[in-house]
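The structure appears below as structure tokens.
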Amino acid sequence: MARRKAGDILSVISLLPAIVSVIFFYIQRGPDFDIYFGITVFSILSIIGIIFAVIALIMSKLRIFGLIGLIANVLVLVFAFLLLLAMGIGEP
């Protein structure tokens with residue numbers, strides 16, 4: 001029972017890095033923001049969220065939150081990759 005409960009808690013916690021990434025994106029907007037710092041923060045948060053989601057999918061019976069957390073964090077990681085790609089293309 002404790003393993004299942006830990007999996008349920010991790011599945012909800014796996015949603016937090018994606019939510020924090022979205023909040024960070026809207027707070028740190030503007031022309032004086034270091035975009036590479038933002039890309040690093042997005043990448044680290046999404047990798048942590050993916051790890052939590054995978055562990056939650058293994059441990060929990062309630063798989064919907066783990067699956068939503070996995071999808072949301074993969075989307076944040078793709079967004080960070082596309083942002084890094086755009087910065088590489090835009091450099092002179």
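Taken together, the values in this text are just the output of simple stated rules run on the coordinates, not laboratory data. Please read these numbers as outputs of a predicted model, since none were measured by experiment. Ideal geometry is used to build each Cβ from the backbone, glycine not excepted, and the neighbour counts take in all protein chains shown.
Only a single criterion out of (1) outside any helix (DSSP H, G or I); (2) buried (at least 17 other Cβ atoms within 10 Å of the Cβ) is not satisfied by Ser11, namely (1). Examine the stretch 25-39 for a residue that is under 16 Å from Leu82 (Cα atoms), touching a Ser or Thr at 6+ places or on another chain (Cβ under 8 Å) and free of Cβ contacts under 8 Å to residues at least 24 places away in the same chain, and state whether such a residue exists. Taking every residue of the stretch 25-39 in turn, none turns out to be under 16 Å from Leu82 (Cα atoms), touching a Ser or Thr at 6+ places or on another chain (Cβ under 8 Å) and free of Cβ contacts under 8 Å to residues at least 24 places away in the same chain. Screening the stretch 48-61 for residues that are out of contact with any Leu (no Cβ under 6 Å at 6 or more places or on another chain) and surrounded by 14 or more Cβ atoms within 10 Å (Cβ to Cβ) and picking the one that is farthest from Ser11 (Cα to Cα) gives Ile48.
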